[in-house]
Amino acid sequence: MPLRAFRGKSLPPTRSGVDTGFPKGNATNIGSGALCAHGPSGFIINPLGKRSRLGDLTYAGAIWGIAGFAMVLLLAPTVVVLITSFTGEQTLKFPPPTWSLRWYAELLQSGELIDATWTSLKIAFWATLICGVLGTAAALGIARSRSTVARLLDSLFMSPMVLPAMAFGLALLMVFSLLSVRLSIWTLTVGHIVICTPFVIRMVSAAVQQLDVALHDCSLSLGASRFYTLRRITLPLISRGIFAGCFVAFLTSFDHVPVSLFLSDARTEVLPIKLWQILEASLDVRVAAVSGVIVIVTLVGLIVAERLFGRGVGVAERR
Amino acid sequence: MELREKLESLGEMLPAMPLAAFFVAWFLAPFVLLLFISLFDTPEFQSIGIRQYVKFATDGFSVGVLWDTLVLGFAVTAACLVLAYPLAILYVEGGAHRRTLILFLIMLPMLTSAVVRTFAWIVILGREGIVNNAMLALGLWSAPGRLLYSWGGLIVALGQIQLPLMALPVINSLLKVDPHLMDAAEGLGAGRWRRLWTVIVPLTLPGAVAGALLVFAASTTAFITQSLVGGGRIVLMPLDIYQQAVGVQDWPFAAALSIIFTLSIVAITYLVNSVARKRMRGVDAA
């Protein structure tokens, strides 16, 4: 606020004394005569200043209003799903007229859903493992380089994030069909590796770019081999980035639909597609229970990960 | 000397080669095959030509589907921009507690699957859903509104699902804005609105562009949300591709649709990037 005084300088002295937060003692000493003479004008506020104060109010209202709406919007679906999952009814009436755990109990009886969950977990595990290893190596290779080849490779690795996954899924199905490869969880894993790679590349690259090169050089100059330096210096320092990348990659794979849509068949149904089919057929309340389980498991997973690996796991900061 | 430097830099990139090879085999090659298959004139793969592309342009349906899909992408992106900035401003201005709260709220949807969130929107927007029941109970509406299977519902649901993709990059680039610039603008007499338009928005453009491209890509290709919240009435590119490929088994046409869809997204990404780059001179890249 004190900086506002600058504006006053071009104005007549009486006004400048009035509307600024000029150090009080100074202002009264210097312009005391003028100020006193215009006594009541002490309440006259620069019209420009008044308008901007009104503007400030509408601004605060708009920012808080929209942000408040956004926060409700972010929170509402999760809360609604959690509440709905405890309904005792057959319908998705909200709020539920009666409460029970019957839909969670029902889940334990649903072999198809459990099978689909296992398939999804297996694919997410292998996809995360493979793109974690390949992606970390690639990020170490290109994150620091300014060369054209490295930039091109970076764009290539990031492009699955922007290109339509539906087109990629269809393309991959055509490749497998041309090669007469039978669809299995491995064909699905190949697709998921491509889809998850951008997350690993982005987060590991961010970690590599923050790395102090001097540590690496010190290690080498002290006689450590390149491999030893990698194992004892570089990898531990970027481990958070790797972990964050793998965490997001796992969630992405577990949740991914477009590629799986083309590559999964009756034997390799993945969970999100199974859920979609159930929802298309009827608004089955079991979906709410599955959703409840997913929400709770990921929240617990995140809290455990935070405890183990420290604040935020960098998931947010590095995205 | 130059050659040696080049070789050295290539050597440093050696660890990236396995992934590069994987991408060439399972990412680039499939797209090349897709292009090739789109050039067959019939589903029986007999003659080669551009009949599928002519069909796309002249069947009076497909061009509209592409247009609707892109318009949906723009609408969702715009909605996310409007919602993300206030969130980001409150985050950056706030103390530790508020920051944790906002970050948690943003992360929460990212941690729950998109199918789950879509399902939630069905519960909220459905005929007997929360919004309809509330409006009826308050006497604001006389009959339940058709919220599900409508464009408005689809934009809100997709906007909520993609909002984190926008909010995180915007927050990141707002955190990089030097607070002294805001003080200076204030000292020179700029009100808060003026500071928003002349300081915050231009300086966070890299984050906004990055977020916008992600949201645009994700919302145009969000098959499940589109088909469940949009219902069968709203046909968009992903559903069209899926029906042509799996339902009708017309692979060449499905391939042509995919190629056209992909190229449209690439063209828009390129355009937005190059326009933004001109305006971002002197701003740190995100």
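The values are calculated or read from the model by the stated rules, or taken from the named source; none is laboratory data. Just so we're clear, the structure is a prediction, and the values are computed from it rather than from any experiment. For neighbour counting, all protein chains shown are included, and Cβ atoms are generated from backbone atoms with ideal geometry for every residue, glycine included.
Within the stretch B:162-177, residues that are among the basic types (Lys, Arg) have Cβ atoms under 9 Å from residues that are outside any helix (DSSP H, G or I) and surrounded by fewer than 24 Cβ atoms within 10 Å (Cβ to Cβ) in these pairs: B:LYS176/B:ASP284; B:LYS176/B:ALA286, counting only partners at least 6 apart in sequence or on another chain.
If the condition is being farther than 27 Å from A:PRO95 by Cα and in contact with a Phe, Trp or Tyr (Cβ under 9 Å, 6 or more places away or on another chain), then the stretch B:93-123 contributes B:ARG98, B:ARG99, B:LEU103. Candidates are the residues of the stretch B:45-78 that are without any contact (Cβ under 8 Å) to a residue 40 or more places away in the chain and part of a loop (DSSP other than H, G, I, E, B); the one that is nearest to B:ALA167 (Cα to Cα) is B:PHE61. Checking each residue in the stretch B:87-108 for being within 7 Å of chain A (Cβ to nearest Cβ) and surrounded by fewer than 24 Cβ atoms within 10 Å (Cβ to Cβ) picks out B:ILE89, B:LEU90, B:LEU103, B:LEU105, B:MET107, B:LEU108.
Determine if the stretch B:42-51 includes at least one residue that is modelled with pLDDT of 90 or more and of a type outside the set (Val, Ile, Thr). Within the stretch B:42-51, none of the residues are modelled with pLDDT of 90 or more and of a type outside the set (Val, Ile, Thr).
What are the residues in the stretch B:11-59 that are surrounded by fewer than 16 Cβ atoms within 10 Å (Cβ to Cβ), more than 14 Å from every other protein chain (Cβ to nearest Cβ), within 20 Å of A:LEU170 (Cβ to Cβ) and not aliphatic (A, V, I, L, M), if any? Correct list: B:THR42, B:GLU44, B:ASP59. For the criterion of being under 18 Å from B:MET17 (Cβ atoms), crowded, with 20+ Cβ neighbours inside 10 Å, touching a helix residue (DSSP H, G or I) at 6+ places or on another chain (Cβ under 9 Å) and within 11 Å of chain B (Cβ to nearest Cβ), A:LEU134 passes. Looking only at residues of the stretch B:206-226 that are among the hydroxyl-bearing types (Ser, Thr, Tyr) and within 10 Å of chain A (Cβ to nearest Cβ), we find that the one that is surrounded by the fewest Cβ atoms within 10 Å (Cβ to Cβ) is B:THR225. Highlighted here are the helices (runs of 4 or more DSSP H) found entirely within the stretch A:204-255 that include at least 2 residues which are assigned by TED's automatic domain parsing to the domain that holds A:PRO272, among the hydroxyl-bearing types (Ser, Thr, Tyr) and touching a residue at least 12 places away in the same chain (Cβ under 8 Å): A:235-255. Checking each residue of the stretch A:118-125 against the condition of being in contact with a Cys (Cβ under 9 Å, 6 or more places away or on another chain), at pLDDT 95 or above, part of a helix (DSSP H, G or I) and assigned by TED's automatic domain parsing to the domain that holds A:ILE233 gives at least one match. The set of residues in the stretch A:66-90 that are more than 8 Å from chain B (Cβ to nearest Cβ), over 22 Å from the mean Cα position of the chain (by Cα) and in a helix (DSSP H, G or I) contains only A:ILE83.
Counting only helices (runs of 4 or more DSSP H) that sit completely within the stretch B:173-252, those holding 2 or more residues that are hydrophobic (A, V, I, L, M, F, W, C) correspond to B:179-187, B:205-220, B:223-229, B:237-242. Residues that are of a type in the set (Val, Ile, Thr), at pLDDT 85 or above and surrounded by fewer than 24 Cβ atoms within 10 Å (Cβ to Cβ) within the stretch B:167-198 comprise just one, B:VAL177. Annotation note: Cβ proximity below 6 Å between a residue of the stretch B:228-251 that is farther than 24 Å from A:ALA266 by Cβ and a residue that is not in a helix (DSSP H, G or I) (sequence gap 6+ or interchain) occurs for B:GLY231/B:TYR149; B:ARG233/B:TYR149. Looking only at residues of the stretch A:68-90 that are β-branched (Val, Ile, Thr) and in contact with a Leu (Cβ under 8 Å, 6 or more places away or on another chain), we find that the one that is farthest from B:PRO109 (Cα to Cα) is A:THR84.
Taken as a whole, the condition of being crowded, with 24+ Cβ neighbours inside 10 Å, in contact with a Ser or Thr (Cβ under 7 Å, 6 or more places away or on another chain) and in a helix (DSSP H, G or I) applies to A:THR128. Check A:ARG202, A:ARG240, A:ARG267 and return the single one that is among the basic types (Lys, Arg), under 30 Å from A:VAL297 (Cβ atoms) and within 11 Å of chain B (Cβ to nearest Cβ). Sole residue among the options that is among the basic types (Lys, Arg), under 30 Å from A:VAL297 (Cβ atoms) and within 11 Å of chain B (Cβ to nearest Cβ): A:ARG202.
Can you confirm whether the stretch B:130-144 contains a residue that is more than 23 Å from B:VAL229 (Cα to Cα) and outside any loop (DSSP other than H, G, I, E, B)? Yes, there is a match, as at least one residue in the stretch B:130-144 is more than 23 Å from B:VAL229 (Cα to Cα) and outside any loop (DSSP other than H, G, I, E, B).
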